[in-house]
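Here's the structure, in structure tokens; my notes come after.
The values are calculated or read from the model by the stated rules, or taken from the named source; none is laboratory data. Everything numeric in this text was worked out from a predicted model, so none of it was measured. So basically every Cβ, Gly included, is an ideal-geometry build from the backbone, and we count neighbours across all protein chains shown.
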Amino acid sequence: MINSYRKPSSHYHIDEISQDFGRIKRDYRFDEDDIQRLRTLIPLFEEEVDRIIPGFYDVIFSFEHARTFLYSEEIVARHKRAIRRWFMALVNGNYDEHYYRWLAGISEIHVHIGLPSHYVNCAFSYIRETLNELLIEKNRLEELPSLNKIVDINLDVLSLTYKDEEQQRLISDIVLLKNSLRSGTVEVHLQPIVDARTEEVAKYECLMRIRDPKTGRTLSVAPLLKTAKSIYLYEGLMELMVDKTLRKFESLECAFTLNLGYEDISDRRFLHYLHHKIVDFPHPERITFEILETDFIGDFNIIASFVEEARVLGCTIAIDDFGSGYSSMENIIRIKPEYIKIDGSLIEALENSEESRTIVSNTIRMIKELGAKSVAEYVSTESLKERVIAMGVDYIQGYAVGRPFPADNLTKC
């Protein structure tokens with residue numbers, strides 16, 4: 001958790017470092033009296049530190065992550081020496097700019113090795129509890145408030161890089177989403193869904209992408225969905241996606257699928273928008289709406305109502321990620337999907353798992369008995385493609401038959 005004194009690779013400017021540490025000490029009302037009280041604890045800490053450290057390692061080694069970077073006796077020994085120095089630095093009275101830079105460097109190391117902030121918080125919980133018990137045991141109650149202040153300051157500083165990284169990433173994501181919506185730069189990408197018998201493209205799944213203006217890279221919107229929903233941009237992005245998709249396929253004789261989540265289906269305003277778009281679309285029979293099986297954990301009546309309306313308009317329904325274990329067969333039978341897409345994790349495991357082969361084989365047979373068509377997703381290799389064809393699947397999707405590409409590149413079906 002803690003490294004020794006070293007010059008950090010911090011991105012903070014030196015003035016910002018001084019200002020931040022000064023502000024933190026002021027906020028905690030950490031003053032010269034606290035410093036003098038802590039210095040009186042140096043002999044006690046020197047006497048007790050080697051008794052405290054083993055319990056500290058009992059805590060951090062309960063986390064698997066700690067064992068991945070403290071993987072040898074030599075590294076553990078070096079780490080223990082650093083921890084001992086850190087414990088002593090709590091009471092040495094030298095709480096200046098260099099001390100803060102050292103703590104900031106430790107925080108950056110934690111981020112670089114992927115140590116979750118949760119683990120740091122748990123370790124500090126042990127530290128606070130143990131040190132408080134020590135001072136109470138030794139009747140050093142006068143120093144307790146000062147010790148808790150410096151522990152809080154350490155925890156605050158050791159969390160700064162986490163907070164800064166998260167804040168910068170969040171700001172960057174928000175700017176990217178807002179600019180994409182404002183400029184209309186949401187892109188539609190298409191991935192082929194191939195007929196297993198003819199190996200010809202039967203339809204295309206439409207995928208939302210965003211272009212990052214800084215790098216020029218096209219990004220999947222999936223990692224940004226939570227942020228988009230939290231700042232109320234998701235509905236606008238979905239409307240833009242639907243609009244661009246329908247305009248693209250208006251003059252093409254291609255079938256295609258659109259993914260809808262429970263948030264979309266349960267949003268009356270979005271459904272009103274979608275309804276009018278489909279009514280104006282000349283070939284609604286070419287549209288298949290994909291609904292995640294996991295979305296069945298919501299109010300199923302809402303899903304059933306949407307399915308009924310979509311069919312009235314002429315569209316078809318696919319259940320995505322079937323086999324992930326959330327729905328009952330009663331729900332599947334109730335909505336009678338035209339297509340059922342088998343959970344990709346089951347398909348990926350086919351070549352190494354007899355259990356997966358049994359499940360997929362039985363699922364394909366069950367789908368046929370329900371009068372629906374089966375789709376195998378995540379078919380990434382030629383051997384996997386041959387296997388699912390031999391198992392009797394109706395359609396194939398995955399890198400083995402076609403990677404996603406910009407919709408603008410499709411000129412004919």
Quiz item: On the given criteria, is residue 347 touching a residue at least 60 places away in the same chain (Cβ under 8 Å), farther than 26 Å from residue 299 by Cβ and among the β-branched types (Val, Ile, Thr)?
Solution: no
Exercise. Run residue 388 past the list (1) surrounded by 14 or more Cβ atoms within 10 Å (Cβ to Cβ); (2) at pLDDT below 95 and report the number of the one that doesn't hold.
Key: (2)
Quiz item: Is it the case that segment 66-77 has a residue that's surrounded by 14 or more Cβ atoms within 10 Å (Cβ to Cβ), in contact with a Phe, Trp or Tyr (Cβ under 6 Å, 6 or more places away or on another chain) and in the same structural domain as residue 141 (by TED's automatic domain parsing)?
Solution: no
Exercise. Sort out which residues of segment 329-359 are surrounded by 16 or more Cβ atoms within 10 Å (Cβ to Cβ), in a helix (DSSP H, G or I), out of contact with any Gly (no Cβ under 9 Å at 6 or more places or on another chain) and of a type in the set (A, V, I, L, M, F, W, C), and write them in order of number.
Key: 332, 335
Exercise. Give me the pairs, please: first residue somewhere in segment 212-234 and without any contact (Cβ under 8 Å) to a residue 12 or more places away in the chain and over 18 Å from residue 267 (Cβ atoms), second residue anywhere and among the polar types (S, T, N, Q) and outside any loop (DSSP other than H, G, I, E, B), beta-carbon distance under 9 Å, and either six or more positions apart or on two chains.
Key: 214/172
Quiz item: Has segment 360-374 got at least one residue that is part of a loop (DSSP other than H, G, I, E, B), modelled with pLDDT under 95 and buried (at least 21 other Cβ atoms within 10 Å of the Cβ)?
Solution: no
Quiz item: Among the residues of segment 248-257, which ones are surrounded by fewer than 19 Cβ atoms within 10 Å (Cβ to Cβ) and not charged (D, E, K, R)?
Solution: 251, 252, 254, 255
Quiz prompt | Qualifying residue in segment 92-111 (condition: over 26 Å from residue 132 (Cα atoms) and small (Gly, Ala, Ser)) | solution = yes
Quiz item: Is segment 295-312 home to any residue that is in the same structural domain as residue 187 (by TED's automatic domain parsing), buried (at least 21 other Cβ atoms within 10 Å of the Cβ), touching a residue at least 40 places away in the same chain (Cβ under 8 Å) and not hydrophobic (A, V, I, L, M, F, W, C)?
Solution: no
Quiz item: Within segment 1-48, which residues are surrounded by 12 or more Cβ atoms within 10 Å (Cβ to Cβ), more than 19 Å from residue 153 (Cβ to Cβ) and at pLDDT 90 or above?
Solution: 44, 46, 48
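If I filter segment 332-340 for residues that are charged (D, E, K, R) and over 24 Å from residue 202 (Cα atoms), do I get at least one hit? I'd like the intermediate steps shown before the answer.
Step one: filter segment 332-340 for residues charged (D, E, K, R), giving 334, 336, 338.
Filter once more, so that each one left must be over 24 Å from residue 202 (Cα atoms): 334.
Yes, segment 332-340 contains at least one residue that is charged (D, E, K, R) and over 24 Å from residue 202 (Cα atoms).
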Self-check item: Selection from segment 259-294 of residues that are exposed (fewer than 15 other Cβ atoms within 10 Å of the Cβ) and more than 15 Å from residue 315 (Cα to Cα)
Solution: 268, 269, 272
Quiz item: Can you tell me which residues in segment 228-244 are surrounded by fewer than 17 Cβ atoms within 10 Å (Cβ to Cβ) and within 18 Å of the chain's Cα centre (by Cα)?
Solution: 229, 230, 231
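Select the helices (runs of 4 or more DSSP H) contained entirely in segment 208-320, then report the ones holding at least 1 residues which are touching a Pro at 6+ places or on another chain (Cβ under 9 Å).
On the way: elements: 225-230, 234-249, 262-265, 268-280, 300-312.
Filter on segment 208-320 gives 268-280, 300-312.
Working only within segment 178-207, note down all residues that are assigned to a loop (DSSP other than H, G, I, E, B), surrounded by 15 or more Cβ atoms within 10 Å (Cβ to Cβ) and at pLDDT 90 or above. Explain how you work it out, then say what you get.
First, the residues of segment 178-207 that are assigned to a loop (DSSP other than H, G, I, E, B): 184-185, 196-200.
Now drop any that are not surrounded by 15 or more Cβ atoms within 10 Å (Cβ to Cβ), which leaves 185, 196.
Scanning segment 178-207 gives a single hit, 196.
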